[in-house]
Amino acid sequence: MSAIRVREGKIELLDQRKLPTEMTYVDCPDWQAVAAAIKNMVVRGAPAIGAAAAYGMALAAGSLQGKERESLLAGLEEAARGLKATRPTAVNLAWAVERMMNFARSQKTENPSRLAELLWAEAEKIAAEDVVTNKKIGQHGAKLIPQKARILTHCNAGALATVDYGTALGVIRSAVEQGKEVTVFVDETRPYLQGSRLTAWELQQEGIPATLIADNMAGFLMQKGEIDLVIVGADRIAANGDVANKIGTYSLAVLAQAHKIPFYVAAPLSTFDLKIDSGSLIPIEERSARELTHFAGVQIAPSGIKCYNPAFDVTPAALITAIITETGIIKKPTAETINKFFAEQENVGD
Ligand code: MRU
């Protein structure tokens, strides 16, 4: 099972709207199809939408054959804008598109088909790097998991949300691979149900013990001493360590603090947006009222009721025990600890 499949010069995206009951792929022969798939939630999860968009840029280059270099670059800019406009919160999307755009600009070739080939190879590199990154996140994060652990997670930060292996679920996978005895409580994650439809399914496929709970049960379990730690993914991390993630993450962090339970965030470095000083500047996607008023196509709220449906919230850094990345763990994230961590990355190899 992979969220993104590459076939004969096009990509196919696992239709995550249909999981867990149906496994079908949506063909994406051009960047517009990739953009539509991201917007319509065929593919979701910060690293997965980044990698899909990178392939979208390569597909755009493929469709701009017969053009002069300048008009090819202009066509790529248009694709970049279209792809970035699909979902606003996860920064990995803009990160991947900008990396592809900068890569295209840096290539000196005048040959459009060569440029398309180079961009395709760069998209494959982004996808391959994501898997390596997630395995490293897993290795670092597994050190934080006790030999026996009851873990709570929210949304889906697994293989389905990445190219493979996952971030938060990558840490859980890695702990299991090390022989740790792990059981996972899966928040169903209203209203889009990424927890029950995707995480519960993924863990079941993997044979990792999992128990599904409704979101409002987490506090009760913590109060009874049945959760040892919480681990979630992230869509964007500000320079001060504030984390945007699926709506409901903040409530869990507050509960975890009240019950003195560690609260971990697992994310690649590409999820950090160091241009943003604090989480209050992160754009929060608002989704359709229908996600609240209907359940599996059945109306469950009165017609015409006013709805509010933010898809993400921001957890202040002060509530986060540590952020787990591919190059190490940032304990007690603050503007200072994050700044120091990134400065050390730059010094690696000096
Ligand atoms: O709306 P979604 O399903 O794209 O939201 C996904 C999440 O919030 C994930 O937790 C986040 O992207 C991290 S995925 C490794």
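Every listed requirement among (1) out of contact with any strand residue (DSSP E or B) (no Cβ under 6 Å at 6 or more places or on another chain); (2) open to solvent by 40 Å² or more (accessible area, probe 1.4 Å); (3) closer than 22 Å to residue 96 by Cα is met by residue 311 save one, (2).
Do any helices (runs of 4 or more DSSP H) lying entirely in segment 15-101 carry at least 3 residues that are closer than 20 Å to residue 164 by Cβ and touching an Asp or Glu at 6+ places or on another chain (Cβ under 6 Å), and which ones are they? Reasoning before the result, please.
Numbers: elements: 31-39, 46-63, 69-84.
Counting at least 3 such residues, we get 46-63.
Against the definition (surrounded by 12 or more Cβ atoms within 10 Å (Cβ to Cβ) and of a type in the set (A, V, I, L, M)), how does residue 301 come out, yes or no? Spelling it out, residue 301 is indeed surrounded by 12 or more Cβ atoms within 10 Å (Cβ to Cβ) and of a type in the set (A, V, I, L, M). Residue 210 passes every criterion in (1) in contact with an Asp or Glu (Cβ under 7 Å, 6 or more places away or on another chain); (2) more than 14 Å from the ligand (Cβ to nearest atom); (3) under 28 Å from residue 330 (Cα atoms) apart from (1). Within segment 177-195, can you find the residues that are buried (at least 20 other Cβ atoms within 10 Å of the Cβ) and in a helix (DSSP H, G or I)? Across segment 177-195, the qualifying residues are 194, 195.
When 52, 61, 80 are checked against the criterion of being free of Cβ contacts under 8 Å to residues at least 40 places away in the same chain and open to solvent by less than 40 Å² (accessible area, probe 1.4 Å), a single residue qualifies: 80.
Residue pairs whose Cβ atoms lie under 7 Å apart, sitting 6 or more positions apart in sequence or on different chains, and linking a residue in segment 291-308 that is closer than 17 Å to residue 18 by Cβ and in the same structural domain as residue 247 (by TED's automatic domain parsing) to a partner that is among the aromatic types (Phe, Trp, Tyr) and modelled with pLDDT of 95 or more, are 291/192. Total residues in segment 158-175 satisfying the condition of being out of contact with any Leu (no Cβ under 7 Å at 6 or more places or on another chain) and within 9 Å of the ligand (Cβ to nearest atom): the figure is 7. Each residue in segment 273-308 was checked for being at pLDDT 95 or above and part of a loop (DSSP other than H, G, I, E, B), and 21 of them qualify. Note on segment 219-277: residues that are of a type in the set (Asp, Glu) and within 17 Å of residue 329 (Cβ to Cβ) amount to 0. What residue, among those in segment 98-117 that are basic (Lys, Arg) and more than 16 Å from residue 31 (Cβ to Cβ), is surrounded by the fewest Cβ atoms within 10 Å (Cβ to Cβ)? Among those residues, the one meeting the criterion is 108. Taking the criterion of being aliphatic (A, V, I, L, M) and more than 20 Å from residue 199 (Cβ to Cβ), the residues of segment 44-59 that qualify are 53, 54, 57, 58, 59.
The values are calculated or read from the model by the stated rules, or taken from the named source; none is laboratory data. No experiment lies behind these values; they were computed from the predicted model shown. Glycine gets a Cβ as well: all are built from the backbone with ideal geometry, and neighbour counts include every protein chain shown. Note: areas computed on protein heavy atoms with side chains; ligands, DNA, RNA excluded. Shrake-Rupley method; radii C 1.70, N 1.55, O 1.52, S 1.80 Å.
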